[in-house]
Number of protein chains: 2
Amino acid sequence: MAIDEKAFSSLTSILNQFTVMPDNQISALRTLVSKASYKKHEYFTKVGDEQTHIGFVLDGLFRLFYVDLKGKEYTKNFMMQHHFVAPYNSVLSGKQSNLYIQALKDSEVLLINYAEGLKLADSHSCWQILLRKITESAYLQKEKRESDLLFYDAQTRYTNFINEFPDLRRHIKQQHLATFLGMSPETLSRIKKSKIDKSQ
Amino acid sequence: MAIDEKAFSSLTSILNQFTVMPDNQISALRTLVSKASYKKHEYFTKVGDEQTHIGFVLDGLFRLFYVDLKGKEYTKNFMMQHHFVAPYNSVLSGKQSNLYIQALKDSEVLLINYAEGLKLADSHSCWQILLRKITESAYLQKEKRESDLLFYDAQTRYTNFINEFPDLRRHIKQQHLATFLGMSPETLSRIKKSKIDKSQ
C-alpha cells in the first residue's frame, strides 16, 4: 500500500526525537517502508512466524501475548499509536516468534523491513545511534516493567495502569489486563469492586 | 588502579563477541578504563548516586536491589563474572540511581567512564554498533525475565534458576533469592522443602 506524507512524517517525527536524522537518510528510509491495515482480531504476528518487519502503529492498538501449553494466554504488552510493534526476540535473533501480536481494533501500520533497514544502517552512523537510542528506551521500559512487577502489589499495579492509560481499558478484556498486570482475573475483579465500593 | 593485560583482554574478548572492534579503537578504550576492588558488602552504587561509570565484573558477584518506603528490599538482579554492572537507568538518563548495587563477595571490576565512552563512540561507528548490540542483548534478557515472571509459577521459576545458576545459591540469602524470583520467603521455603521431600 502506498504511503502518504502524513503517515511517513508521523514516523520520522518520532525518529527525530531520538536523534536528528539527515534528510537524505530519511529519503532512503522511505523506500523501505510500506503501509498495511489490520482488521480487529487480525494477527500481525503468530507463534512460529519468522518476523522480518518492524511495525510502527499509525492508528490502532495491538496486544502481544504468549500462550502456554494448556492454552492459557499471558499478555505481554499493549502497543498503541506511534509506538513500534514487533516480536523483537524474533526480529533481532532471526528465530521464530514465540508470541502472538493481534489487533484489538482496526489498525494501520507502517512496515519497515529490518534486514533492509540494517543494510541502510551500515551506510551512515546516524542509524546506529538511532537504533541504539530506541533500544535503550525499550530497555528502560522493560526495566520499569520488571520493577513494577516485583515492587508493587496488585492494587497499585492496577491503579498505575489506569492512571497511565485511561483510554485503554475500554478496548481491553479483563482477563487480558489481569495477565498483563501479573494477577488472576479474580484478583483484578476484587480490586475493581473494592474501588467502586470506596468511591460510593 | 592500573589494569593488567589479562583483565583488559577479558573485557575486549566479550566486546569482540558482539562485533569485531578495530585495534586502534580498543587502544583508545584502554585509556578510559580503570580497575577497582569492592570488599564483600561494599556498595558499587547507592540510591541517589549519579552514576558515571559502567562496571565490568572481572571476578566476584553483585546484587542489584530496590528498597521500598517500608525498608523492604526487592532483588532486581545478580551480576557475575564477565557481565556488565551498572544502574542503567541512572547512567543512560543522567538521573540519580533508584537502586543499590552491593558486592556479595570480594570483587574486582573494570570501570568505564560512560560520558568519555560516548565521546569515543562518536569517533567511530563500530562503537555505536557495539552499544546497540549490547543494549539489544540486555533488552532480550529483560524480555525473558518479564515472560518468566508472568508465565511460570513459583516452583518452575525456582527450578529454572537453580538449573541456570547452580553455583550461585550458596552466595545468596534466601530472602534475596525470593524477591528476585517474585515470591515470598515463605513460598520459597515451602518449595525447597517439597523438593527435598520428593528427593528422599
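Ascending distances from the residue A:40 label point to its copies in the other chains, with the point 7 Å along the Cα-to-beta-carbon line: 6.1 nm. Pairs exceeding 30 Å between alpha-carbon atoms, taken from A:72/B:95; A:142/A:195; A:193/B:72: A:72/B:95.
A DSSP coil position with no more than 16 other Cβ atoms inside 10 Å describes the following trypsin sites (Lys or Arg not before Pro) in region B:22-101: B:39, B:40, B:46, B:70, B:72, B:95.
Our note on the geometry: Cα centres of region B:67-110 and region B:18-48, 15 Å apart. Counts of other chain beta carbons within 10 angstrom of each beta carbon in peptide A:143-149 average 6.
Starting from the label point of residue A:184 at 7 Å along Cα→Cβ, the same points in the other copies fall at 1.4 nm, in ascending order.
Where only DSSP H runs of four or more residues are counted, chain B gives -15000 deg cm²/dmol as its mean residue ellipticity at 222 nm, each run worth -39500 (n - 2.57). For residue B:163, the distances from its label point to the matching points in the remaining copies are 3.9 nm, ordered from shortest, with each point set 7 Å beyond Cα toward Cβ.
Determine the shape class of region A:150-198: with a ≥ b ≥ c the square roots of the Cα gyration tensor eigenvalues, call it rounded for a/c under 1.5, and otherwise prolate if a/b is greater than b/c, oblate otherwise.
The shape class here is rounded.
With a Förster radius of 41 Å, plug the Cβ-Cβ distance of residue A:153 and residue B:24 into 1/(1 + (r/R0)^6) and report the FRET value to the nearest 0.05.
Numbers: r = 53 Å, r/R0 = 1.29.
Efficiency at R0 = 41 Å is approximately 0.20.
Residue pairs exceeding 27 angstrom between C-alpha atoms, taken from A:40/A:119; A:6/A:105; A:35/A:105; A:192/B:173; A:133/B:46; A:173/A:198: A:40/A:119; A:192/B:173. Relative to the longest principal axis of the Cα atoms of chain A, helix A:154-164 runs at roughly 50 degrees. Normalised radius of gyration (Cα atoms, divided by 2.2 N^0.38 Å) for region A:1-54: 1.38. Rounded to the nearest 20 debye, the dipole magnitude of region A:1-81 is 320 debye, with +1 charges on Lys and Arg beta carbons, -1 on Asp and Glu beta carbons, and the Cα centre as origin. Take the Cα of residue B:70, step 7 Å toward its Cβ, do the same at residue A:52, and the gap between the two points is 5.3 nm.
Quick one, can you get me the convex hull of the C-alpha atoms of the protein assembly as shown expressed as volume per residue in Å³?
In the protein assembly as shown, the Cα hull volume divided by residue count equals 166 Å³.
The charge dipole of chain B, taken about the Cα centre with unit charges on the Cβ atoms of Lys, Arg (+1) and Asp, Glu (-1), comes to about 740 debye, rounded to the nearest 20. Which GluC sites (Glu not before Pro) in region B:1-57 sit in a loop by DSSP (not H, G, I, E or B) and have at most 15 other Cβ atoms within 10 Å of their own Cβ? Within region B:1-57, the qualifying GluC sites (Glu not before Pro) (loop, at most 15 other Cβ atoms within 10 Å) are B:42, B:50. Each Cα pair under 8 Å and six or more residues apart adds its separation to the average, and for region B:46-125 the resulting relative contact order is 43 percent. Take every pair of alpha-carbon atoms less than 8 Å apart whose residues are at least six positions apart; their mean separation over the length of chain B yields a relative contact order of 23 percent. In a reduced charge model with +1 at each Lys and Arg Cβ and -1 at each Asp and Glu Cβ, the protein assembly as shown shows a dipole moment near 1460 debye about its Cα centre. Placing unit charges on the Cβ atoms of the charged side chains and taking the dipole of chain A about its Cα centre, the candidate lying farthest along the positive direction among A:92, A:60, A:3 is A:60. The residue among A:51, A:185, A:125 whose Cα reaches farthest toward the positive pole of the charge dipole of chain A, with charges on the beta-carbon of Lys, Arg, Asp and Glu, is A:185. Annotation note: trypsin sites (Lys or Arg not before Pro) in region A:104-171 located in DSSP loop regions with a Cβ neighbour count of at most 14 within 10 Å are A:105.
Only the coordinates and a few stated rules stand behind these numbers; no lab work does. Quantities reported herein were computed from a predicted structural model and do not represent experimental measurements. We place every Cβ from the backbone using ideal geometry, glycine too, and count neighbours over all the protein chains shown.
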